[in-house]
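Asker: Supplied in structure tokens, the structure appears directly below.
The values are calculated or read from the model by the stated rules, or taken from the named source; none is laboratory data. Bear in mind the structure is a predicted one, so any value in this text is a computation, not a measurement. Because the Cβ atoms are built from the backbone with ideal geometry, glycine has one as well, and the counts that use them run over all protein chains shown. Heavy atoms of the whole protein, side chains included, go into the accessibility calculation; ligands, DNA and RNA do not. Shrake-Rupley method; radii C 1.70, N 1.55, O 1.52, S 1.80 Å.
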Amino acid sequence: QVQLVESGGGLVQAGGSLRLSCAASGRVLSTGSMGWYRQAPGKQRALVANVTGGGTTAYADSVKGRFTISRDSAKNTVSLQMNTLEPEDTAVYYCKAEVQTAWGRRSSNFWGRGTQVTVSS
């Protein structure tokens, strides 16, 4: 029905940069809030950054000043520019989006399958 596909993960040295992208496809009438979450081994999934449909952004304290979230509502995409990466940023990164699939229907949350980000020291 709705698919979220992430791309851009990989292996990078500490201090380096990566850019993650996520595209929503399928029965997408409109998207509301879109965000990135991450889950490190042995830890719960946690919010990294979020951007509302109106463009308001929010970040986890640990990534403020290093990560930047952006969206293209016309293309139903969201990106995460990650700079000055640290080993502690190593995790599987998941995209989440509020998607309206039909007129008059409430939006539902959809998740991507995740992309691995590994930061070596």
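Asker: Please work out which one of (1) open to solvent by 30 Å² or more (accessible area, probe 1.4 Å); (2) of a type outside the set (A, V, I, L, M, F, W, C); (3) within 29 Å of residue 121 (Cβ to Cβ); (4) without any contact (Cβ under 8 Å) to a residue 60 or more places away in the chain is the condition residue 83 fails and give its number.
Answerer: (4) is the only condition that residue 83 fails.
Asker: Given the conditions (1) at pLDDT below 95; (2) open to solvent by less than 40 Å² (accessible area, probe 1.4 Å), report the number of the one that residue 115 does not fulfil.
Answerer: (1)
Asker: Sticking with this one: It is to be established whether one or more residues within segment 59-71 are aliphatic (A, V, I, L, M), in contact with a Pro (Cβ under 8 Å, 6 or more places away or on another chain) and over 16 Å from residue 26 (Cβ atoms). Explain how you work it out, then say what you get.
Answerer: Of segment 59-71, the ones aliphatic (A, V, I, L, M) are 60, 63, 69.
If we keep only those that are in contact with a Pro (Cβ under 8 Å, 6 or more places away or on another chain) too, we end up with none.
Within segment 59-71 (the criterion being aliphatic (A, V, I, L, M), in contact with a Pro (Cβ under 8 Å, 6 or more places away or on another chain) and over 16 Å from residue 26 (Cβ atoms)), the answer is no, since none of the residues qualifies.
Asker: Which one of these is closer than 20 Å to residue 9 by Cα and either modelled with pLDDT of 95 or more or of a type outside the set (Ser, Thr, Tyr) (or both): 74, 46, 58, 102?
Answerer: Details: 74 fails: closer than 20 Å to residue 9 by Cα; 58 fails: closer than 20 Å to residue 9 by Cα; 102 fails: closer than 20 Å to residue 9 by Cα.
Result of the check over 74, 46, 58, 102: 46.
Asker: Select from segment 64-121 the residues that are β-branched (Val, Ile, Thr) and assigned to a strand (DSSP E or B) and list them in ascending order. Walk me through how you get there before you give the answer.
Answerer: We begin by selecting, within segment 64-121, every residue β-branched (Val, Ile, Thr); these are 68-69, 77-78, 84, 90, 92, 99, 101, 115, 117-119.
Across segment 64-121, the qualifying residues are 68, 69, 77, 78, 92, 99, 115, 117, 118, 119.
Asker: Could you tell me whether segment 60-77 includes any residue that is over 17 Å from residue 96 (Cβ atoms), open to solvent by less than 50 Å² (accessible area, probe 1.4 Å), without any contact (Cβ under 8 Å) to a residue 40 or more places away in the chain and not aliphatic (A, V, I, L, M)?
Answerer: yes
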